[in-house]
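Asks: Starting off with a structure, shown below.
All of the numbers you see were taken from the coordinates with simple rules; none came from a lab. Quantities reported herein were computed from a predicted structural model and do not represent experimental measurements. Because the Cβ atoms are built from the backbone with ideal geometry, glycine has one as well, and the counts that use them run over all protein chains shown.
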Amino acid sequence: MPKRAAPPLEADLLQGTLDLLILQTLLLGPAHGHTIAHVIEHRSDEVLQVEHGSLYPALHRLQNRGWISSEWGPSENNRKARFYRLTAAGRKQLTRQTSRWDELVRAVNRVLKPVRE
Amino acid sequence: MSFKGLFQRRARRHESALELEAYLQRETEENIERGMSPAEARRAAHIKLGNVANILGDISQQDSFGLFETVWQDLRFGIRMLLKHRGFAIISLLTLAIGIGANTAIFTVVDATLIRPLPYPNANRTVMIWEHRLPDGERQNVTSPATFLNWQHDNTVFDQMAAIFNDSSILSGGDTPEQIATASVSPNFFSILGVNAAIGRVFVPAQDGNTDSNRAAVLSFEVWQRHFASDPNVLGTQITLDDKPYTVVGVMPRGFQFFVKQQSFSSKKPEIWTTWTFSPETRASHGRFLQAIGLLRPGVTLAQAQQSMLSLASRLEAQDPASMKNWSVNLVPLRSQLTGEVAQGLRLLLAAVGMVLLIACANVATLNLARASTRRHEIAIRMALGASAKRVVRQVLTESCLLAFTGGLAGFGLGYLCLNVLKSIAPANLIPLEAMRLDFHVFAFAFAVSLLSGFLFGIIPAIDAARTAPREPLQEGSTAARTGDSRGLARRILVVSEVAIALVLLIGAGLLIRSFQRLVAVDPGFRADHILTAWVQFPNARYQKDEQKSQFFAQLLDSIRAIPGVRSASADGFLPFAGIIAGTGVQVEGRPILPISQQPDVNVSLVEPQFFETLGIPLISGRTFNRSEAFQATGNVVISQSMAQMLWPGKNPLGKRVTIYMKRNNTPSTVIGVVGDVKHAGLASPVKPTAYWSYPELGFQFMTLVIRTDGDPRALIPDLRQTVLRIDKNQPIADVVPMETLLSMSVARTRFATQVMAAFASVAILLAIIGIYGIISYDVEQRTREIGIRMALGAQRNSVIHLVLSRGMVLSGLGIAFGIVASLALTRLLGSILYEIRPNDPPTFVIVSGGLTTVALCAGYLAVRRISSIEPMSVLRRE
């Protein structure tokens, strides 16, 4: 039986957040999946406990959109690993998404704690 | 996601798996560093990562293309199915290739003739302007210098107008003189068409054609190559046409040609153009011999122009009733002029070939339906597993389109072969052979036809498949006994229409064949075998005196008669089947003088002695011309039987006198003989009363030699050329062809149309046979169980065979009945093409219907033969 067609990509909150985190991580320099997962986990003070596996579809998606690129190279302990690198388009997307994220956070905050005059 | 990526899915999936494995290894190592046992470390790494299969699924889902993806899957599945059912695939592909190939070939011709723009930039505004001869309804008659100049001066609808006279001239100066087709045209001729020269210039009204001293000539590309060895410095060269000097001012682009054959003096495409000048004497001439073209003013429609020219014509008639009474004017757009006569035939062929495609589609649809029944199981399983009806329809349609496009590709190739066959059997000048090519137009057409046919033959099986109720076929044992009635009905309708369309084509072809047989059985009035003909034309400057010309021909004919193998030789001014002849009014001596418009009309030709004997035209009474009459005009005339009957019905015309208005000073001629009628204008044309004068009476500049030979007339050609050059080394001969070739060329178009129609009809009958055979043998296969049970219960084998066969025959009979009705309606369109046969010719209908019935019966019999091999016991055991 043929598989059903893929559903259209929806920018739901978590997915968007994950993308943002990956791009932000790669801003520091090229990294492979394992490193990215641990950096995100570490930098969020272990709050964002996502299954590391969900990182890979996200990486794949970002690459398909041209925001990151990848190449195979030797890792720290000389094993073959796939390194991801931020592209120029990815850098732009990061700026855009960061400011949108800030707006979102401010909006949510306004709802949660109404501004007092 | 790129297309490349789509086809590299396996590699990408592998890469992702490697990447995940790298993660696991790294995580495991770190866990071991943290102090876990290797097994525990690996387990923890897996937990951290999540389900590998799900992750890979997520990743690869991003790579799928939605609709495109499923189409690709369907395609691969379709290819597998076709490879599995090879018999079905091969028959379907062949059928489709034939249908699409034939359509591609005919479309290529249609494209080259009717669709592609004419190679003249102003073609859409260019019209031919003809005189319309009211008494006999000739709507495209050449015009006279006087009328042309009046039109040119007084019209309000044309920007410009040009006169054309297609001629034949002798191009001398080379090794051997050559008779070459030329055209004298008004200097603005090329600018009306909007074409320019490839080298040099075309005529310029201000520069060329004003004086007789400075004659300019424009060469065709082909003459430039052939005669001037593509000399780049040809401009300014002097050439000699009919002993007069011309200066080459330009060479036209490769392939440029302009030739309207209607009432043209020459029957060949002009290769050199010179300027037409109206001398003071010709300006007032009312002799009609010029073709006229005009460039419509922008914004003026054809109807407006026709209206305006009609009122101009009536003004001209009022001014000069003697010459213009009974003459009107008729405008014909250039495209209709150049393609008009072919267009009708082509539309006919297009319709016929469309029918072939319909039959092919019906055939494949039938096969598909038959196969669909055997596939019900598969489709039912798919639907039971959750495939939507839409999805199933798409799958079946994809398979159909796959089949159609493969068939289309094969058809495109076949079309190329067909085109070459067409090119080799097509008569000259019927279709523009050089313009026919398989280009993007044709490819787009073949593609569209493939798509259409894929849809046509795919849609019924697809709907049929989607209606499959999943449960029913899955219940074993129900397959054989219950074949869906609606499915059977669709197949039956398809076979009936297939037989009906095939019958229409067969009857059309049958009518054309019978018409052609009648046409070629017509007696032309002379014996065409063993006759060689050749055109001799004097340059205007030489042989000015009539005696010189008579002398030349007498000497030439004597020398030819002396060639071994020549039985007799003579010459004719207007050879039968060569196109033109002069015509004029006559007045019998002693009867009331009739006005010109009421005089009986006759054809007039000039002949040398022995003409009638050489061509085998029977002498009915009196005598033919003798040798002395070849040198001197004696006022004697030989007339055809029909002329004798027209002027002197029931009486002896010998010795009677009649004035034939063709000379400057017309005196009565004496009838000295009556000869048989000749079908001068073609086998299908009516006989026209004809008067034959001996050569010196008019002393034409041209004659056609007719030579009867002992053996193959072609073998005489070298000797003939030598003989002519021996008498005058500057005198060429042209159009050297056997009379039989002229005769067969005159029916070439009809033969061509008949051959093509017959080919289509054969394909149609072949496809119909496959269709009938297919449905009956399928019937037998589906009913094997039923038949086995019937036979086990005591039915006679023969009666079972009879039962199944009669079912098939009912379908054929229905198809034939519908076909006859459709033919009665459609063959009327053939009416104008058929010769002496009515479109509803009963013998054709009876023979063709009978033939198709017999063939259907044979196909059916072949299909039911296998019933005799059915063993009732083995059938029952299978249950």
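Asks: How much of the DSSP beta bridge set in region B:543-729 is antiparallel, as a percent to the nearest 5?
Replies: 70 percent
Asks: Give the span of the protein assembly as shown's Cα atoms along each principal axis, as three whole-Å numbers ordered largest to smallest.
Replies: Between the extreme Cα coordinates on each principal axis of the protein assembly as shown lie 137, 90, 64 Å.
Asks: For a footprinting-style exposure proxy, rank B:Ser621, B:Ser328, B:Ser388 by other Cβ within 10 Å, fewest first.
Replies: Lowest count first: B:Ser388, B:Ser621, B:Ser328.
Asks: Then there's this: Between B:Ser685 and B:Asp154, what is the spin-label point distance in nm, taking each point 7 Å from the Cα along the Cα→C-beta axis?
Replies: 3.2 nm
Asks: How far apart, in nanometres, would the label points at B:Ala715 and B:Gln344 be if each is projected 7 angstrom from Cα along the Cα-to-Cβ direction?
Replies: With each label point 7 Å from Cα toward Cβ, the separation is 4.3 nm.
Asks: Let me ask something else about it. Other chains' Cβ within 10 Å of A:52-64 residues: what's the mean?
Replies: That average works out to 6.
Asks: With the Cα gyration tensor of chain B in hand, give its eigenvalues times 5 under a square root as the equivalent ellipsoid semi-axes, listed largest first in whole angstrom.
Replies: 72, 38, 25
Asks: Where in chain B are the helices, taken as whole DSSP H runs, whose Cα atoms extend 18 angstrom or more along the long axis and whose Kyte-Doolittle mean reaches at least 1.0?
Replies: B:86-110, B:334-374, B:440-466, B:485-520, B:748-782, B:797-826, B:842-864
Asks: Determine the relative contact order of region B:724-879: mean sequence separation of Cα pairs under 8 Å and six or more apart, normalised by residue count, in whole percent.
Replies: 37 percent
Asks: To continue, here is another question. Given B:Phe611, B:Thr584, B:Val675, which one lies farthest toward the positive end of the charge dipole of region B:543-729, if we put +1 on the Cβ of every Lys and Arg and -1 on the Cβ of every Asp and Glu?
Replies: B:Thr584
Asks: If we count every other residue with Cβ under 9 angstrom of B:Ile531's Cβ, Lys/Arg +1 and Asp/Glu -1, where does the sum land?
Replies: 0
Asks: How large is the charge dipole for chain B, taken about the Cα centre, if only the Cβ atoms of Lys, Arg (+1) and Asp, Glu (-1) carry charge, to the nearest 20 debye?
Replies: Computed about the Cα centre, the dipole is about 2460 debye.
Asks: Here's another thing I want to ask about it. How high is the relative contact order of chain B, in percent, counting Cα pairs under 8 Å that sit 6 or more residues apart?
Replies: 15 percent
Asks: Using a 10 Å cut-off around each Cβ of peptide B:38-48, what is the average number of partner chain Cβ atoms that fall inside?
Replies: 1
Asks: In the protein assembly as shown, what % of DSSP beta bridges are antiparallel (nearest 5)?
Replies: Percentage antiparallel, nearest 5: 80.
Asks: Give the average, rounded to an integer, of partner chain Cβ atoms located within 10 angstrom of each Cβ in B:10-22.
Replies: 3
Asks: Just want to confirm a number: the relative contact order over region B:250-361, from Cα pairs under 8 angstrom separated by 6+ residues, in percent.
Replies: 18 percent
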